[in-house]
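Note sheet for the following structure.
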Amino acid sequence: MMSTQPIAKPPGKSWREINQERKALKRQRNEEKIIKREKRAAIEKENELKNEAETKKENAEISTISIAVPGTILENAQSAELRTYLAGQIARAACVFCVDEIIVYDDIGDKVDTKKSKLEEADGVKVARRSCVQLARILQYLECPQYLRKHFFPLHKDLEFAGLLNPLDAPHHLRQSNDFHFREGITMNKKVKPGRGSQVNVGLLQDVSTDKLLNPGIRVTVKMTNTEGSKKLKGKIVSLATPRAETGVYWGYTVRIVNSLSQVFTQCPYKDGYDLTIGTSDRGTAIDDLPNKGVEYNHALIVFGGLQGIESALESDEQLQVNEASLLFNHYINVLPNQGSRTIRTEEAILIAMSSLRTKLKANNEPMVFKDTGIAVSNSLPTSKPNLSSDDNLDLSRFD
């Protein structure tokens, strides 16, 4: 057996002094480790912020399409059910053509006495014409994923007949079985440990632990970051534009409500405003005159008129000092020359215009084509033909 040699005491020092020196040296080493760890964390955070800034810049550069619709078109519907269904048609058209923003504006103004209503927006509570608020509320309701609606839309008279509406079936309306990188959610009112982020309900069996601590009741977009085999779900809160920037998938529209035609332009959410504005009217030039893929844009705005057209909205707006509606836009077009009916309804004009403009507009920074998986596809018959033999006895009566 090895004999343990006792540690020799240095001459001229007591054991107490030796222990104090050792403790001081150990403390110094621990402090150096902490400083290195903090420097490493600061560098990582700086890189993360830099990457986020670059991502936000990329997201901001993606070309967008906005449409402006007068809320007063609901007042022409004969019943509450028809008003609701009309709003649903506009929401469906916007979703089908991947519209990024819907602006609901008042084309009559305060010249005619009307009842006002309130609508909650991201910037606060907005007071506007009742028909405009109802249209905006239904548009918001349909865009919201089904599992979040009970949190954001309590019982309201404007949504009394929302059950009649066709669902948007947008890509971000994910089922529980869908395994996708991004999900929409709501921050929950749950206690979390210091340094941890909010718990977010994203429509799954358990909430997701995120990287940021936010007030409860806020709608957020979460990028799922949980590793394979991990029991707890983890995610990162990102901007609303991130899913489309990273995957190319359409991620719904935002709704903005304004009290006049001029505010459609002046309250634009984009830094440099709309670089392409298009007005639609039967008094405009034929849409066929626009060159194919010749109208470039970063942020395009397409304005639709109500019963009396955009000209009536111009007359009702005291802020606009122009006499001709065509002077407000880069292009003032007639979406369907030689129409068979005296009038084209607004919900019809949206479908016609968006369909015709697909071949005319050219995005400067077009989103990538979505090629990922994890989002449910439409229910349809398989495209590949089954291998049938003469001996197969198939019951084809269900296809009659």
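The values are calculated or read from the model by the stated rules, or taken from the named source; none is laboratory data. As the structure is a prediction and not an experimental result, all values here were calculated from the model. No Cβ is skipped: glycine too gets one built from the backbone with ideal geometry, and neighbour counts run over all protein chains shown.
Quick notes on this one:
- The residues of segment 272-294 that are over 17 Å from Ile65 (Cβ atoms) and either in a loop (DSSP other than H, G, I, E, B) or of a type outside the set (Ser, Thr, Tyr) (or both), listed by number, are Asp282, Arg283, Gly284, Ala286, Asp288, Asp289, Pro291, Asn292.
- Residue selected from segment 124-170 under the condition hydroxyl-bearing (Ser, Thr, Tyr) and more than 15 Å from the chain's Cα centre (by Cα), by the criterion surrounded by the fewest Cβ atoms within 10 Å (Cβ to Cβ): Tyr147
- Only one of the numbered conditions (1) closer than 16 Å to Ser262 by Cβ; (2) in a loop (DSSP other than H, G, I, E, B) is not met by Ala313, and that is (2).
- Evaluation of Leu327 against (1) among the hydrophobic types (A, V, I, L, M, F, W, C); (2) without any contact (Cβ under 8 Å) to a residue 12 or more places away in the chain; (3) closer than 11 Å to Ser281 by Cα (one fails), failing number: (3)
- When Asp100, Asp110 are screened for being at negative phi and surrounded by fewer than 17 Cβ atoms within 10 Å (Cβ to Cβ), only Asp110 passes.
- Qualifying residue in segment 230-240 (condition: farther than 30 Å from Ala68 by Cβ and without any contact (Cβ under 8 Å) to a residue 12 or more places away in the chain): yes
- Filter pass, Gly235 being closer than 25 Å to Ser312 by Cα and touching a strand residue (DSSP E or B) at 6+ places or on another chain (Cβ under 7 Å): no
- The listed residue being farther than 24 Å from Gln140 by Cβ, among the β-branched types (Val, Ile, Thr), more than 25 Å from the chain's Cα centre (by Cα) and in the same structural domain as Val96 (by TED's automatic domain parsing), out of Ile344, Ile278: Ile344
- The lone exception for Asn292 - which of (1) modelled with pLDDT under 95; (2) surrounded by 13 or more Cβ atoms within 10 Å (Cβ to Cβ); (3) under 29 Å from the mean Cα position of the chain (by Cα) it fails: (2)
- Verdict on Leu86 being surrounded by 15 or more Cβ atoms within 10 Å (Cβ to Cβ), at pLDDT below 95 and either of a type outside the set (Asp, Glu) or on the phi < 0 side of the Ramachandran plot (or both): no
- Exclusive hit being in contact (Cβ under 8 Å) with a residue 40 or more places away in the chain and under 28 Å from Glu366 (Cβ atoms), set Thr254, Thr225, Thr221: Thr254
- The numbered conditions (1) touching a Leu at 6+ places or on another chain (Cβ under 7 Å); (2) modelled with pLDDT under 95 are all true for Lys232 except (1).
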